[in-house]
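The values are calculated or read from the model by the stated rules, or taken from the named source; none is laboratory data. In this text the structure is predicted, and so the values were computed from the model without any measurement. Backbone-built Cβ (ideal geometry, glycine too); neighbour counts: all protein chains shown.
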Amino acid sequence: MNSKKYYEKKNENFINYWNDKRKNKHKYSFFQACIFIIPFSIFLGILNYGLKNLISLKFILLFSISFFIYYLFTYFIDFRIHEKRYQKLKKEKQHFDH
């Protein structure tokens with residue numbers, strides 16, 4: 001497979017993926033934050049507080065702050081980056097089709 005076909009397939013997969021995800025910005029940001037922050041917070045909690053104090057006020061505060069920061073990052077920055085790429089690819093595809 002040559003590189004042009006490879007990138008065309010990657011772009012097509014991204015368009016299909018993002019077409020579903022872009023419909024609800026809050027849901028996308030929430031699930032992205034959950035997927036990243038839950039394992040990350042557990043790992044940091046074990047490193048900082050150990051297994052005994054994993055469910056403590058400090059851990060809940062660490063999780064909440066991390067989740068909030070990553071949610072805001074995903075909501076304002078990550079979503080915008082994906083949306084710009086999606087719009088660019090859709091525009092290129094429209095011009096290519098004509």
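Numbers for the structure displayed
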item	result
Residues satisfying the stated conditions in region 41-74, i.e. closer than 19 Å to residue 30 by Cα and in contact with a Gly (Cβ under 7 Å, 6 or more places away or on another chain)	62
Candidates 27, 21 - the one that is surrounded by 13 or more Cβ atoms within 10 Å (Cβ to Cβ), among the basic types (Lys, Arg) and under 19 Å from residue 76 (Cβ atoms)	21
Within region 40-98, tally of residues that are within 30 Å of residue 19 (Cβ to Cβ) and not β-branched (Val, Ile, Thr)	30
Enumeration of residues in region 14-73 that are free of Cβ contacts under 8 Å to residues at least 40 places away in the same chain and of a type in the set (Gly, Ala, Ser)	41, 45, 50, 56, 64, 66
Matching residues, region 32-67, being under 30 Å from residue 80 (Cβ atoms), of a type in the set (Val, Ile, Thr) and surrounded by 13 or more Cβ atoms within 10 Å (Cβ to Cβ)	37, 38, 42
Number of the condition not met by residue 10 [criteria: (1) over 15 Å from residue 89 (Cβ atoms); (2) exposed (fewer than 12 other Cβ atoms within 10 Å of the Cβ)]	(1)
Residue in region 53-77 that is modelled with the lowest pLDDT, counting only those that are more than 13 Å from the chain's Cα centre (by Cα) and of a type in the set (S, T, N, Q)	53
